[in-house]
Amino acid sequence: MRVYIPTTLSGLAEAHKAGELGPAPLDAYAVTPSLREWYVSDDIEELEYAALTRAAQASLRQLAVNPGAPRRRIVLAVDVPDAAVAFDPDRGLDAAALGEVRLAAVVSMTDAAAVHLDATDAEPDVTAAALALGAADAGDDDAQFTVDGAEDHELLWFATQEIPNLIG
C-alpha cells in the first residue's frame with residue numbers, strides 16, 4: 001500500500017541519516033475506504049492525490065509547532081505491506097480524519113518511493129500559513145484564506161536518490 005508520511009526537512013534529514021522513519025507508531029495518510037467514499041471516485045490517481053494533500057496539511061501542522069524548521073512542507077511516499085497499515089473505521093466520514101492511517105513499525109527508507117516538497121518560492125506562503133493555522137482552526141476566515149494560500153502551491157516530486165541534495 002502506498003502511504004504518505006508528513007514530515008519536515010529536519011525530519012527527512014534524520015530519517016535519511018538513520019535509514020528509517022520513526023519512532024513508531026507513525027501517522028500517515030493513504031487511500032482508505034472512507035477517503036474513497038468521501039471523494040466518490042474510482043480514479044486511484046485522484047485518490048492518491050487527495051491522500052498526499054492531507055499529508056501536506058499535516059506537514060504544515062508540524063511546521064506550525066516547530067518554528068525552527070525550514071518552511072517547506074514535505075511528504076514522503078512509502079510503499080508498505082497492507083498489514084502494516086491500520087485505520088479507524090469508526091472515524092470513517094469525519095472530515096478531519098479522512099485518509100488517516102497509523103503504521104505500527106518504523107519504516108525503512110528503502111521502502112520510500114518518492115519525496116514531495118514545496119519549491120523555495122512557496123516558503124513565504126507556507127510561513128504565513130503556519131503562523132495562521134491556529135486562528136484558522138478557531139474559525140477565522142482571513143486566517144483560513146492564508147492557510148489555503150499555502151495549499152495553492154503544488155508539491156514537487158523528487159526521486160529518493162535526490163534526498164542528499166534536498167537536505168544538504
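The values are calculated or read from the model by the stated rules, or taken from the named source; none is laboratory data. Small disclaimer: the values here were computed from a predicted structure and weren't measured. No Cβ is skipped: glycine too gets one built from the backbone with ideal geometry, and neighbour counts run over all protein chains shown. Heads up: the accessible areas ignore ligands, DNA and RNA and are worked out on the full protein's heavy atoms, side chains in. Shrake-Rupley method; radii C 1.70, N 1.55, O 1.52, S 1.80 Å.
Of the residues GLU20, GLU48, GLU37, the single one that is over 16 Å from the mean Cα position of the chain (by Cα), buried (at least 17 other Cβ atoms within 10 Å of the Cβ) and among the charged types (D, E, K, R) is GLU20.
Comparison of VAL115, VAL75 shows that the only residue that is in contact with a Ser or Thr (Cβ under 7 Å, 6 or more places away or on another chain), crowded, with 21+ Cβ neighbours inside 10 Å and more than 19 Å from PRO25 (Cβ to Cβ) is VAL115.
Applying the selection to the range 3-17, what residues are charged (D, E, K, R) and either under 12 Å from the mean Cα position of the chain (by Cα) or buried (at least 19 other Cβ atoms within 10 Å of the Cβ) (or both)? Quick ask: steps written out before the conclusion?
Initially, the range 3-17 is screened for residues charged (D, E, K, R), giving 14, 17.
Residues satisfying the conditions do not exist here.
In this structure, is VAL126 surrounded by 15 or more Cβ atoms within 10 Å (Cβ to Cβ) and under 21 Å from GLY22 (Cβ atoms)? Judged against the criteria, VAL126 is not a match.
In the range 87-115, what count of residues is obtained for those that are small (Gly, Ala, Ser) and closer than 16 Å to ARG36 by Cα?
First, pick out the residues of the range 87-115 that are small (Gly, Ala, Ser): 92, 95-97, 99, 104-105, 108, 112-114.
From what's left, closer than 16 Å to ARG36 by Cα: 92, 95-97, 99.
Qualifying residue count, the range 87-115: 5.
Note on the range 152-161: residues that are assigned to a helix (DSSP H, G or I) and over 16 Å from THR8 (Cα atoms) amount to 1. Return the residues of the range 83-110 that are over 19 Å from ASN165 (Cα atoms), at pLDDT 90 or above, open to solvent by 60 Å² or more (accessible area, probe 1.4 Å) and not hydrophobic (A, V, I, L, M, F, W, C); say none if nothing qualifies. Hits for the range 83-110 are GLU100, ARG102. Scanning the range 19-60 for residues that are on the phi > 0 side of the Ramachandran plot and in contact with a helix residue (DSSP H, G or I) (Cβ under 7 Å, 6 or more places away or on another chain) returns a single hit, GLY19.
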